Structures are given as structure tokens and as C-alpha cells.
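The numbers here are math on the coordinates, done by the rules we state, and not lab data. Since the structure is predicted, the reported quantities are computational estimates derived from the model, not experimental observations. Neighbour counts are summed over all protein chains in view; Cβ atoms, including those assigned to glycine, are modelled from backbone coordinates with ideal geometry.
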Amino acid sequence: MASQGRQQGGEQISLDTLTAPQLSAVKKQLDEEVEHLSQSYAQLAAAQSKFKECLRVVKSGSETFDDTKPILIPLTNSLYVKGRMADPDKVIVDVGTGFYVEK
């Protein structure tokens with residue numbers, strides 16, 4: 001088999017020259033990388049979904065915007081305070097892991 005692999009340094013090696021334990025280690029490393037990438041993709045997809053939902057809510061709210069109508073602002077998962085939205089076209093959205101985006 002003339003397949004080529006890559007080590008961490010970017011150097012190419014022939015898989016034909018590797019022993020069974022070395023091939024097993026390469027497989028384990030690749031499996032871990034695939035798992036990490038899959039988890040990262042899932043987190044990114046969840047953040048994207050959350051962001052899209054926030055934008056949908058803001059758009060639907062801005063169509064019926066009434067600055068005299070109070071809204072509830074979450075301070076924690078179980079604590080809300082009354083407030084008013086000054087400008088529905090300028091909001092900050094939490095997209096997860098401590099990142100916020102202004103829309």
C-alpha cells in the first residue's frame with residue numbers, strides 16, 4: 001500500500017514502513033482528531049442556530065416595536081428585571097462561550 005501519512009511536524013511518511021503498534025497509534029490520534037472536530041462542529045452549529053433564533057426574535061419584535069411596552073431582561077437563568085428596548089435595530093446577542101455580537 002503506497003498511502004502517505006503526516007506526522008505532527010508535517011513530514012510525510014510511508015504507512016508501509018510503520019509497525020502495527022505505530023499504525024494503531026496513528027489510528028488513535030486520527031480518531032481523537034475526528035472526535036474533536038465533530039464536537040467543535042456541533043458546538044458551532046448550536047451557536048449558529050442560537051444566533052439565528054435570536055435574530056428571528058429581534059426581527060419579529062422590531063416589527064411591533066413599542067418603546068413604552070416593558071420587556072423582561074434576563075440577569076440569570078431564573079432572575080429577570082423589567083426594562084425597555086431603546087433601539088430594536090441595535091442589540092447585542094450572546095452567541096455562546098463568552099462571545100457577543102452586535103446586530
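If I ask for residues that are exposed (fewer than 12 other Cβ atoms within 10 Å of the Cβ) and over 14 Å from GLY96 (Cα atoms), which ones from the stretch 42-58 would you list?
ARG56
Is there any pair with a first residue in the stretch 22-38 that is without any contact (Cβ under 8 Å) to a residue 24 or more places away in the chain and a second that is assigned to a helix (DSSP H, G or I) whose Cβ atoms are under 8 Å apart and which are 6 or more apart or on different chains, and what are they?
Pairs found: LEU23/LEU15; VAL26/LEU15.
Could you look through the stretch 71-103, keep only residues that are among the basic types (Lys, Arg) and farther than 27 Å from LEU44 by Cβ, and pick out the one that is surrounded by the most Cβ atoms within 10 Å (Cβ to Cβ)?
Of the stretch 71-103, the ones among the basic types (Lys, Arg) are 82, 84, 90, 103.
Next cut, farther than 27 Å from LEU44 by Cβ only: 82, 84.
Values: LYS82: 8, ARG84: 11.
Filtering the stretch 71-103 for residues that are among the basic types (Lys, Arg) and farther than 27 Å from LEU44 by Cβ, the one surrounded by the most Cβ atoms within 10 Å (Cβ to Cβ) comes out as ARG84.
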